[in-house]
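Working notes for the structure below.
The values are calculated or read from the model by the stated rules, or taken from the named source; none is laboratory data. Since this is a predicted model, take the numbers as computed values, not measurements. Note: ideal-geometry Cβ built from the backbone for every residue, glycine included; neighbour counts use all protein chains shown. Only protein heavy atoms, including side chains, enter the accessible area calculation; ligands, DNA and RNA are left aside. Shrake-Rupley method; radii C 1.70, N 1.55, O 1.52, S 1.80 Å.
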Amino acid sequence: MNLRRISGLLSASFLFLCVVALTTHAQNGYARATAQPIDDEYTKKIAEYTTEKFFNSPLTDYLPASPNVPTPKAVLGDVAGAPGKLPYAEDVYKYMRMLEKASPRVKVFSIGTTEEGREMIAVAVASEALLAKLEENRARLNKLADPRTINMDDAEADRLVDQSFPIYYITGTIHSPETGAPTALMELAYRLAVDESPYIKSIRDGMVTLITPVVEVDGRNRMVDVYNWHLAHPGQNWPGLVYWGHYVAHDNNRDAMGMSLKLTRNIMNVYLSWKPQVLHDLHESVAYLYDNTIGDGPYNAWVDPILTDEWQLIGWKNVSEMTKFGMPGVFAHGTFDTWSPGYLMFIAATHNGISRLYETFGNGGADTLTRTLSPDEYQRTWYKQNPPLPRAKWSQRNNNNYEQTALLISLDYFNKNSKLFLKNFYLKSKRSIEKPKNEGPAAYVFPADDPRTGNQTRLLRLLQAQGCEVHRATASFTVAMKKKATARPANRGGSPSPAASPAKAPETESRTFPAGSYIVRMDQPYSRIADALLDYQYWSPRDPQQSIYDDTGWTFGELGNVQVERVTDTKALSAAMERVSGEVRSPGGVSGTGSFFIVNSNADTNLITLRYQLKQAAFEAAEEAFEVSGRKFNRGSFIIRNASLDVVNKATSELGIPALAVAQAPTVKTHPMKAARIAIMHTWASTQDEGWWRIAFDQMQVPYDYISTQEVARETDLNKKYDVIIFGPGNGNVNAVIQGRPMYGNPIPWKKTELTPNLGGFASTDDMRPGLGYTGLMNLQNFVKNGGVFVGADDSASFAVATGFTPGVSVQTSTRLRAIGDVLKTRMVDSASPIAYGYGDTLSVYCFNGPIFNISNVVGGGGGGGRRGGGGQRTTGRGTADDPDVVQGRPPAEMPEQPPSSEVWEAAPIMEEQRRNLVGLIPPNLRPRVILRWGNASELLVSGLLDGGDEIAQHAAVIDSPLERGHVILFSMNPFWRGQTAGSYALVFNTILNFDNLNAGRKTDEK
Ligand SMILES: [Zn+2]
């Protein structure tokens, strides 16, 4: 920006400010600057587009005029919220940069790009005096955010609070069909820069409002395309927004833990570098404004109680003021529970700031519509004394009025109490540092001898991305630990009640961690996020909250298959250690000499990356464990040939994978591991959940073709192109996959055109309606029969079962199971299967009411395939319970051998009697092979809510079901979920790596 221009504007506006100050009085409220002219034309349009007077407030029913600063009309051609106007992100940015050019009170910062390369911005609005002091203020906020820098000195903190101004960060339209925020924020930025009303001037002089008008930029532009298509095709059905961002849809607001998406990383970086006191995310769903921050219980168990009080303070101020304005439908409680820390706004909640969120009422575009509500929406409740109208004409302008009015009230309130909130910011930071000596724990330790250093590194890097400091022990150290509990007492309901027996003083034992162990100290400012991610979660099945909003468990060590020890002994903090500078790296590279390279199989996610990076090399997998020069290698370890030392060393160093070079290949049974050709198949109905699979594949650099069910319907020889076809979960029932959408009405295209430049690209079609069809189903089944591998999880596994891909597997209808997005334990059944390579005896996985599989040796589960019960119970007769009955008057008969009992996860053996003419008897080599099963009811729950767990306990969890020459791999869990489940990735990656040798290690029944 041109400096001379700034100073010119500065003096002009300064004079103007003085005049205004003399002519207005800020009464307890929001008096306007009477001397400031208003933009009559713009103001008239606001009234015209607002459908009822009471859908607006005195704060936003006018627009002040400025001689030199353009209004949103300069870009929109109409006012913010006008019908038919939905700007692309670039247009919003163009306007923000026009503001920056015209006003010294606005600065635009580029904060990174999206997956598809589009820019993200943050716009700072404040007085020129404040903007000039951003850097010195940042230095003060950094000190308040890390009280260690001022030796936890409260008096010094008070001085800093006095000198500092706070930052309130507003983020818009993360959810692409929620379309109103960008225009509301354009106008809000204008008001904050231009309006001379005393309360706005005071906001401008007292604090920085930071605005990211579009969070999900890729999705916003697609949404605008869809809306424009709709405008150009009146009377037709328009495309549903099947893709929002490049990978996921509404789950982009569940990424604040796993941080897989660029938008999360970019907002986190803004948060960590600007140190705002509030992160306020704008959404649209319910009528007319739900300040859902206060929400409902259960509250997240790891945030500071100071924060939950702040939620109440600011939220109720919003409701109260808007009630006084007579605006209906403003409320603060409701159905949102505040348990999961996965929402974008929780970046602030878990980092000593304040998280806030509005749900306003949007029309999913800029049409003005008559909206009819359901009784539960418009009825008066204790927390909604002035409920929304049962039926009302609703416009995007109304939505913009509500959003802006509420934000202005919040900004004003926050500004008037800015010292309180700055002091709270300091106190929350201080209390985070004091965690070890208060509630604990002292630290989380990642032992140096964890066999999965790749996954360990991955999790530690996530903590670093969350702003946490990671230390490494330079010597071994010993701490007292709570004695590890043995198996929990059996509990029929599968829902342990931890408080059932009075707690005895926990017995302790000492534990020594080796040098090189990583330590995440809890005496650091961002201890809360580490604690929230690494701790265990327990949600009582009897919690009053029965409509659960999201996942109930997420323990990152468990889901990452990484050893994480919660240490309460503060001695851990005095261990010899140094802070890791830069990203945590796991040691890799080649040691030894020779032209064979051996890599241990340990279920780390980066092993598959190595396979595809060294695509030209020959890889073999050892089918048994072996030893070379005193080093032990697991079953499944790689033996690499035809690759140069330089190439292998470079790849393994970068990936952090240790490789041992040897002159002679070890003598162990092996099979080749070819680089499989992979397709990920999607429907045109929903792509959100499979997006989490794609992002993991892309992160691991596993190449794949992205194909739709329609392409599978057209391709009769899928084997020519692919070895493995993956069908991610989230597609609904069999009918939805096969039939697609109803064929009524017009074709619905999803492709790049002049009108829709942001659609298509990586996935496109002339008509989204047709599904897989029965031809596609046959193509898919022939693909497997001819030797292909099909992978399905949750509903896509049920799809394979229901359509005849898996003779011998059936799905049992669940009646009681409530596994609501939690972490459950599985146990290894067949560690010789290549799918199990590198895994141990147990594995924690993510489950959301996964399908309950039953296994049979007979097609369809008949002919004695079901589980038998009640064996060993004798009938009434002579003798004791263990005695045989005796038939009187004849010699005792010879008793036939009792059928061997079978486990829940196994197929029941077929007895001779049943084998007679048993057409459906599956040949032994084609019977389902169970790799993992769910844990026993008493041990099943690791984290979250589990009720009726006995229903799924012990059932098969991962199955390799042969179909002629191919295999169908079924998961009753979701191995790829929100970037949180790296521990189960290798189950799928092992399948891919060993795709044409999945029968390795298989034991077949004799008959
Ligand atoms: Zn939303």
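Hey, with R₀ at 56 Å, roughly what FRET efficiency would Ser547 and Ala663 work out to, going by the Cβ-Cβ distance, to 0.05?
Calculated value: 0.30.
Which ³J(HN,Hα) values, rounded to whole Hz and listed in residue order, are derived for region 815-826 from phi using the Karplus coefficients 6.51, -1.76 and 1.60 in 6.51 cos²θ - 1.76 cosθ + 1.60 with θ = phi - 60°, glycine and proline given as x?
Once rounded to whole Hz, the list reads 10, 10, 4, 10, 10, 9, x, 10, 10, 10, 8, 10.
Collect residues whose amide H, placed 1.01 Å from N in the peptide plane, falls under 5 Å from the amide H of Ala793; neighbours closer than 5 in sequence don't count.
Phe971
With n ≥ 4 as the cut-off for DSSP H runs, can you work out [θ] at 222 nm for the chain, using -39500 (n - 2.57) per run divided by the number of residues, rounded to the nearest 500?
One gets -9000 deg cm²/dmol as the mean residue ellipticity at 222 nm.
Could you pull the accessible area for Asp158 with a 1.4 Å probe, rounded to 10 Å²?
Per-residue accessible area (Asp158): approximately 70 Å².
So how do Lys201, Lys393, Lys437 rank on accessible area, 1.4 Å probe, biggest first, that is with the largest at the start?
Lys437, Lys393, Lys201
Amide H to amide H, which residues 5 or more places from Ile111 or on other chains are under 5 Å from it, using H placed in the peptide plane?
Met120, Ile121, Ala122
Per the 1.4 Å probe, what fraction of the accessible area of the chain, in percent, lies on carbon and sulfur atoms?
51 percent
Starting at the first residue of region 99-115, write each ³J(HN,Hα) from the Karplus equation 6.51 cos²θ - 1.76 cosθ + 1.60 with θ = phi - 60°, in whole Hz, x for Gly and Pro.
With coefficients 6.51, -1.76 and 1.60, one gets 4, 4, 5, 8, 10, x, 9, 10, 10, 10, 10, 7, 10, x, 10, 8, 4 Hz.
Could you give the radius of gyration (one decimal) and Dmax (whole number) of the Cα atoms in region 761-832, in Å?
In order Rg, Dmax, the Cα atoms of region 761-832 give 16.5, 46 Å.
Which one, Phe790, Asn849, Pro757, projects farthest toward the positive side of the charge dipole computed for the chain from Cβ point charges (K/R +1, D/E -1)?
Pro757
Remind me, relative contact order of region 739-797 in percent, using alpha carbon pairs under 8 angstrom and six or more residues apart?
32 percent
What is the gain in length, in nm to one decimal, between Ala31 and Ile306 on full extension, counting 0.36 nm per residue of separation less the C-alpha to C-alpha distance?
Length gained, Ala31 through Ile306: 95.8 nm.
Along the Cα→Cβ direction, 7 angstrom out, place labels at Leu369 and Asp883. What is the inter-label distance in nm?
About 7.8 nm separates the two model spin labels.
Could you give the dipole magnitude of region 66-179 about its Cα centre, charging the beta-carbon of Lys and Arg +1 and that of Asp and Glu -1, in debye to the nearest 20?
Its charge dipole is roughly 400 debye.
In the calculated pair distance distribution of region 804-946, what percentage of Cα-Cα distances lie above 27 Å?
41 percent
When all protein chains stay in place, what accessible area (Å², nearest 10, 1.4 Å probe) is found for Met828?
So the heavy atoms of Met828 present about 40 Å² to solvent.
Report the FRET efficiency, 1/(1 + (r/R0)^6), for Thr1004 and Phe54, where r is their Cβ-Cβ distance and R0 is 51 Å, rounded to 0.05.
Between Thr1004 and Phe54 the formula returns 0.10.
Tell me, what HN-Hα J-couplings in whole Hz come from the Karplus equation 6.51 cos²θ - 1.76 cosθ + 1.60 at θ = phi - 60° for each residue of region 628-637, using x for Gly and Pro?
10, 5, x, 9, 8, 10, 6, 3, x, 4
So how far, in whole Å, is the C-alpha centre of region 97-128 from the one of region 586-624?
46 Å
So what does the Cα-only Debye profile of the chain read at q = 0.08 Å⁻¹, as log10 I(q)/I(0), no solvent term?
Debye output, listed in q order: -0.87.
How many nm separate the modelled label positions at Glu119 and Thr508, each set 7 Å beyond the Cα in the direction of the Cβ?
5.7 nm
Need the full-extension length gain, Asn237 to Lys785, defined as separation in residues times 0.36 nm minus the C-alpha distance. One decimal, nm.
That works out to 193.4 nm of additional length.
Taking K and R as +1 and D and E as -1, what net charge do the other residues with C-beta under 11 Å from the C-beta of Ile150 add up to?
Around Ile150, the surrounding residues sum to 0.
With axes computed from alpha carbons, what is the tilt in degrees of helix 305-324 against the longest principal axis of the chain, rounded to the nearest 10 within 0 to 90?
50 degrees
So which trypsin sites (Lys or Arg not before Pro) in region 501-577 pass both tests, a DSSP loop state and at most 15 other Cβ atoms within 10 Å of the Cβ?
Those that pass, being in a loop and sparsely packed, are Lys504, Arg542.
Between Ala625 and Thr593, what FRET efficiency comes out of the Förster formula 1/(1 + (r/R0)^6) with R0 = 22 Å and r the beta carbon distance, rounded to 0.05?
0.40
Could you give the longest part of the chain that holds none of the chymotrypsin sites (Phe, Trp or Tyr not before Pro) found in DSSP loops with at most 11 neighbouring Cβ atoms within 10 Å?
Maximal segment without exposed cleavage sites: 1-381.
What whole-number value in Å² describes the accessible area per residue of the chain for a 1.4 Å probe?
Accessible area per residue: 38 Å².
Sticking with the crude label model, points 7 Å out along Cα→Cβ, report the distance from Gln163 to Ala65 in nm, one decimal please.
4.4 nm
Once you have all Cα-Cα distances for region 915-989, histogram them in 10 Å bins from zero and send the whole-percent values.
Each 10 Å bin holds this share of Cα pairs: 16, 37, 31, 14, 3, 0.
Looking at Gly889, Gly935, Leu918, which one has the Cα that reaches farthest to the positive end of the dipole of region 872-987 (charges on Cβ: Lys, Arg +1; Asp, Glu -1)?
The listed residue farthest towards the positive side: Leu918.
For Met778, tell me the accessible area in Å² from a 1.4 Å probe, rounded to the nearest 10.
90 Å²
Please go through region 895-959 and write out the trypsin sites (Lys or Arg not before Pro) that DSSP classes as loop and that have at most 14 other C-beta atoms within 10 Å.
Arg916
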